[in-house]
1. Can you pull out the residues in the range 110-135 that are in a loop (DSSP other than H, G, I, E, B) and surrounded by 13 or more Cβ atoms within 10 Å (Cβ to Cβ)?
2. Output yes when any residue across the range 141-163 is surrounded by 10 or more Cβ atoms within 10 Å (Cβ to Cβ) and either part of a loop (DSSP other than H, G, I, E, B) or in contact with a helix residue (DSSP H, G or I) (Cβ under 9 Å, 6 or more places away or on another chain) (or both), and no when none is.
3. Can you pull out the residues in the range 72-94 that are over 28 Å from residue 149 (Cβ atoms) and in contact (Cβ under 8 Å) with a residue 40 or more places away in the chain?
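Only the coordinates and a few stated rules stand behind these numbers; no lab work does. Bear in mind the structure is a predicted one, so any value in this text is a computation, not a measurement. Here the Cβ positions follow ideal geometry from the backbone for every residue, glycine too, while neighbour counts run over all protein chains shown.
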Ligand code: HEM
């Protein structure tokens with residue numbers, strides 16, 4: 001499960017996996033097939049120590065760790081067989097080669113993966129479960145999205161006014 005909030009020019013994520021091992025989410029401006037151009041946040045709790053790292057992958061092999069970690073770990077916990085990791089990221093980073101840039105209106109494919117027992121603080125082993133989500137998402141709304149929601153809101157308000165005066 002992944003939820004996010006965009007506020008004050010920060011993206012705040014909560015990622016939750018049914019595992020005591022590593023839990024990861026990937027973003028790509030592509031279609032998500034074959035682990036191509038994935039910007040990955042991979043974290044968890046290993047013997048009480050919280051970890052979160054930033055990776056980039058171009059194929060179905062072990063992703064490489066970015067030289068700069070642009071994901072900022074807020075908290076992580078492990079309870080009842082679930083791992084929850086909360087982290088933040090600036091929508092745009094200086095690591096343009098290895099980070100997806102979430103510009104206003106940028107559509108991304110989201111994928112997740114996890115290992116059902118092994119942690120990924122020192123090294124990562126291949127996932128036991130993974131999935132590419134079927135639809136694309138906009139994490140930072142663009143001017144067009146803002147306009148769309150304003151037009152929709154005005155239409156709803158107009159409908160209410162018409163209803164009340166009729
Ligand atoms: C040692 C690390 C990793 C290895 C060796 C690896 C390897 C592979 C391989 C061989 C596949 C092809 C299908 C399969 O065998 O399941 C695959 C697919 C996939 N992997 Fe990884 N992977 C690794 C880490 C990751 C991570 C960290 C993510 C983060 C989200 C990820 C996400 C995915 C996804 C979503 C697919 C399906 C892609 C598709 O549908 O085309 N992998 N991986």
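1. Restricting attention to the range 110-135, the residues satisfying the condition of being in a loop (DSSP other than H, G, I, E, B) are 115-128.
Hits for the range 110-135 are 115, 116, 118, 119, 120, 121, 124, 125, 127, 128.
2. yes
3. Here is the first cut: in the range 72-94, the residues over 28 Å from residue 149 (Cβ atoms) are 72-73, 75-85, 94.
Selection gives 78, 81, 82, 83, 84, 85.
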